[in-house]
Amino acid sequence: MGGSIELRVSQQVDDWLNWLPRWRPGTHRGRSRLCRTCFGSPVIAAAGLATDVPHAVQHALAMRLKHLIDAEVDEFTETHLPLLLREIRLNEERKQAALTYRPAEGLDPAYTGLDLDPPAMPDAPYLFTFAELARPEASVALPVDPLPLTVEEKAAIRAEVTRADEHAALVGGRVCAELSRHRERMRSAVTEFAEPWVLALLADLDTALDSPLWPRGP
Ligand SMILES: [Zn+2]
């Protein structure tokens, strides 16, 4: 990713503005819990979109900026935080190893110890076989658990985690400052492209509530 943070924020805003005219209110309803990306998000507040904006519209912007911030922090980690980077990679390798496909494991006793694949027809060879997927090479690559970390190593990693957090806060601050410079064009796009849909939905709701089944207030 190139360019300054400010430039990239501006590009993400452009991208979101291009997307907004195609937005339609979802027909699915009833999110059971608040969205952790959007609720109370300083990014949404800085964009001036915290109130009277449909969640899906907020979310589309918040996710774009979240990716931007994440990518920036990843880059910083790769360049400046070698210990943290190593921990993250080890963790990924462990997860990957846990996902390695072992078709011969966990089978019903009736099937254990049998050939994994029935014989192929001479004129119709398999594209792949379970036996190939279970090749020992695939599962040998289990990462050896490294030696336990010393107290000093743990402290050094914790210090790098703190630096990563500080960098994320710094980037987040710059993203918010830049976003607030785009408030006006974002707000007017919401007025133009999102509000008519919301008003139409509210009008529909009003008609439904106007039925004789609903007692009207005095
Ligand atoms: Zn959201």
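The values are calculated or read from the model by the stated rules, or taken from the named source; none is laboratory data. Please read all numbers here as calculations on a predicted model, not as lab measurements. Every residue, glycine as well, gets a Cβ built from its backbone with ideal geometry; the counts of neighbours run over all protein chains shown. Remember, those area values only see protein heavy atoms, side chains included, never the ligands or the DNA or RNA. Shrake-Rupley method; radii C 1.70, N 1.55, O 1.52, S 1.80 Å.
Filtering the stretch 28-54 to residues that are within 12 Å of the ligand (Cβ to nearest atom) and open to solvent by less than 60 Å² (accessible area, probe 1.4 Å) leaves CYS35, THR37, CYS38, SER41, VAL43, ILE44, LEU49, VAL53, PRO54. Among residues of the stretch 13-27 being open to solvent by less than 60 Å² (accessible area, probe 1.4 Å) and modelled with pLDDT under 90, the one that is farthest from the chain's Cα centre (by Cα) is PRO25.
Does at least one position in the stretch 59-74 carry a residue that is surrounded by fewer than 14 Cβ atoms within 10 Å (Cβ to Cβ), over 25 Å from ALA200 (Cβ atoms) and touching a residue at least 40 places away in the same chain (Cβ under 8 Å)? Looking for residues that are surrounded by fewer than 14 Cβ atoms within 10 Å (Cβ to Cβ), over 25 Å from ALA200 (Cβ atoms) and touching a residue at least 40 places away in the same chain (Cβ under 8 Å), one finds at least one in the stretch 59-74, hence yes. Selection of the stretch 58-72 for residues being near the ligand (Cβ under 10 Å from one of its atoms) and in contact with a Phe, Trp or Tyr (Cβ under 7 Å, 6 or more places away or on another chain) yields ALA60, LEU61. Listed by first and then second residue, the pairs with beta-carbon distance under 8 Å, at least 6 apart or on different chains, first residue in the stretch 12-25 and under 14 Å from MET63 (Cα atoms) and free of Cβ contacts under 8 Å to residues at least 40 places away in the same chain, second surrounded by fewer than 14 Cβ atoms within 10 Å (Cβ to Cβ) and of a type in the set (Gly, Ala, Ser), form an empty list.
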